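This report concerns only the one structure given below.
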Protein chains: 2
Amino acid sequence: MPQTHPLNQEISLSVIKTACSNCNLRELCLPFGLSLDELERLDDLVSTRRRIKRGDHLYRAGEAFDAIYAIRSGFFKTDVLLEDGRDQVTGFQMAGELLGMDGISTEVHTCNAIALEDSEICAIPFSRLESLSREIHTLQHHFHKVMSREIVRDHGVMMLLGTMRAEERLAAFLLNLSQRFTARGFSHAEFYLRMTREEIGSYLGLKLETVSRAFSKFQEEGHIAVQQKHIRILNVNGLKALMSHRP
Amino acid sequence: MPQTHPLNQEISLSVIKTACSNCNLRELCLPFGLSLDELERLDDLVSTRRRIKRGDHLYRAGEAFDAIYAIRSGFFKTDVLLEDGRDQVTGFQMAGELLGMDGISTEVHTCNAIALEDSEICAIPFSRLESLSREIHTLQHHFHKVMSREIVRDHGVMMLLGTMRAEERLAAFLLNLSQRFTARGFSHAEFYLRMTREEIGSYLGLKLETVSRAFSKFQEEGHIAVQQKHIRILNVNGLKALMSHRP
DNA sequence: GTGTTAGCTTGATCCATGTCAACCGTAAAT
DNA sequence: ATTTACGGTTGACATGGATCAAGCTAACAC
């Protein structure tokens, strides 16, 4: 049932089309900081929504790139495949985050994006995004920030893979998830993991057995309660200490 | 001694000011693909050159961000520091590559950029770059490609750190350097490393002893000849095989 | 209900890389 | 030419996480 916006009747019209101006993720996503005017111009661009079923690909490595994607709801992973068959999860993405920026450089996607639960995405045709951001300074700048944030995030992962031990990595991972759930209005202390131990391990450069053991250890020490994919964080500071305490 | 360009007398004039239009790295760097007209507009923007002595910082983590930097000559490393004192080298950059894009997201640099030899950089004020790329489509698109390439590169490093063993990492590292030197017109088979074993190790998530042992092993096996920082690649295919051969 | 399967946990053992330590080579300083 | 210092090499040993293996749990199909 469509809701009317308290401020402006014009907006309540746009509720009917599925649009950024109406999206409760707009403060986390591409529209951040845009005026009402500008939002409506973005709406024209982001017209295609798509449902992706759990396990399905949003895009595959090797496919032509022509759009980036904003996650409207759901949960994704991206992974890269090496010629020799090894692969690695390069990230987990949740609502409000953008996918596909890896494809800009060569106009071919370099990784796979796979839904970890039934999800919904907004496709943003890239050349039209470039046009619009030539006109809307705020949009241009925000998009640059988003790409830069991805680079900074990657540096964090490199740090994690290069210098941290297994338990530090897992603690960092849990704290990061918790923080991102919080930003989306969910509990910071209790959530369901959408990914398997193997996927977590791949992301963290560990084997699934090591991930499992670390979960058990955290539980024994009273930092968290784990039951399969259900996680409760009992002691945030404990985890933080684990993350940065050298042995 | 200034040279005249065979095509156009106008260009020989611009030789006098130190400018992109005159730079032999322009095909590797930001000016890629621009017309003569557009190049001259970029020249106005990239007016400040700076020399950075070996060991000096180009910028430091925590400093305000307001420009990105193109390397005109020389060699840099970037590193990230964790609160607990651990650090990691996140990249090595050479002539024609851009530095500083990590700072766009928060307007504060998140890593240190340090010259590994006496170097020269061109400062590109970021807000002016954004303005100009609102006017020059090609510039805008190329800049997006450069940022995206950085993301793809980072994924490669994550792959390396997450799934490769010590010798595979070092082989990948050497092949990557070789390929980048080649793109700059240098020998693909013979070069001097600008970084120490410790810096290589930090980048590859290994200890310096492990790096040193791997160099020795490669030499014993006839893939390379090492003498301190001087490297000769004797068998590229051997290295490639090492890179992707699981044990 | 029962069977099936994918994912998770736990134990025993092994090995790649880290750690610690001694020594060597090269280049700059005196 | 000698000293000094930094970076690199090599060896011996320790260990964190991988590997191999067995069994458990939860969810889902039938």
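The values are calculated or read from the model by the stated rules, or taken from the named source; none is laboratory data. Small disclaimer: the values here were computed from a predicted structure and weren't measured. Positions of Cβ are backbone-derived with ideal geometry, glycine not excepted, and every protein chain shown enters the neighbour counts. Each accessible area value is taken on the protein alone, full model and side chains, heavy atoms only, with ligands, DNA and RNA left out. Shrake-Rupley method; radii C 1.70, N 1.55, O 1.52, S 1.80 Å.
One residue alone among B:E167, B:E150 is facing another protein chain (nearest Cβ under 9 Å), among the charged types (D, E, K, R) and farther than 21 Å from B:D43 by Cβ, and that residue is B:E150. Counting the residues of region A:199-216 that are within 11 Å of DNA strand D (Cβ to nearest atom) and within 14 Å of chain B (Cβ to nearest Cβ) gives 9. Within region A:147-171, the set of residues being in a helix (DSSP H, G or I) and among the hydrophobic types (A, V, I, L, M, F, W, C) comprises A:M147, A:I151, A:V152, A:V157, A:M158, A:M159, A:L160, A:L161, A:A166, A:L170, A:A171.
Can you name the residue in region B:217-229 that is part of a strand (DSSP E or B) and more than 10 Å from DNA strand D (Cβ to nearest atom) and is also surrounded by the fewest Cβ atoms within 10 Å (Cβ to Cβ) among such residues?
Taking region B:217-229 as the starting set, the residues that turn out to be part of a strand (DSSP E or B) are B:224-227.
Now narrow it down to the ones that are more than 10 Å from DNA strand D (Cβ to nearest atom): B:224-225.
On the way: B:I224: 21, B:A225: 14.
The qualifying residue surrounded by the fewest Cβ atoms within 10 Å (Cβ to Cβ) is B:A225.
Give region B:189-216 a look and list any residue that's in a helix (DSSP H, G or I), away from DNA strand C (no atom under 11 Å from the Cβ) and more than 24 Å from B:D118 (Cβ to Cβ), or say none. Answer for region B:189-216, where residues must be in a helix (DSSP H, G or I), away from DNA strand C (no atom under 11 Å from the Cβ) and more than 24 Å from B:D118 (Cβ to Cβ): B:F215, B:S216.
Kindly establish whether A:L139 is more than 8 Å from every other protein chain (Cβ to nearest Cβ), farther than 24 Å from A:H109 by Cα and assigned to a helix (DSSP H, G or I).
Spelling it out, it is not the case that A:L139 is more than 8 Å from every other protein chain (Cβ to nearest Cβ), farther than 24 Å from A:H109 by Cα and assigned to a helix (DSSP H, G or I).
For the condition open to solvent by less than 20 Å² (accessible area, probe 1.4 Å), among the charged types (D, E, K, R) and within 13 Å of another protein chain (Cβ to nearest Cβ), what is the one hit in B:D79, B:D87?
Working: B:D87 fails: open to solvent by less than 20 Å² (accessible area, probe 1.4 Å).
Result of the check over B:D79, B:D87: B:D79.
One residue stands out in region B:98-136 among those that are assigned to a helix (DSSP H, G or I), over 18 Å from A:V146 (Cα atoms) and in contact with a helix residue (DSSP H, G or I) (Cβ under 7 Å, 6 or more places away or on another chain): the one that is least open to solvent (accessible area, probe 1.4 Å), namely B:L132. Given the condition within 11 Å of DNA strand D (Cβ to nearest atom) and open to solvent by less than 50 Å² (accessible area, probe 1.4 Å), answer yes or no: does some residue in region B:235-245 qualify? No, that holds for no residue. Filtered by the rule that a residue be over 14 Å from the mean Cα position of the chain (by Cα) and open to solvent by 30 Å² or more (accessible area, probe 1.4 Å), region A:170-193 gives A:G185, A:F186, A:S187, A:H188, A:E190, A:Y192.
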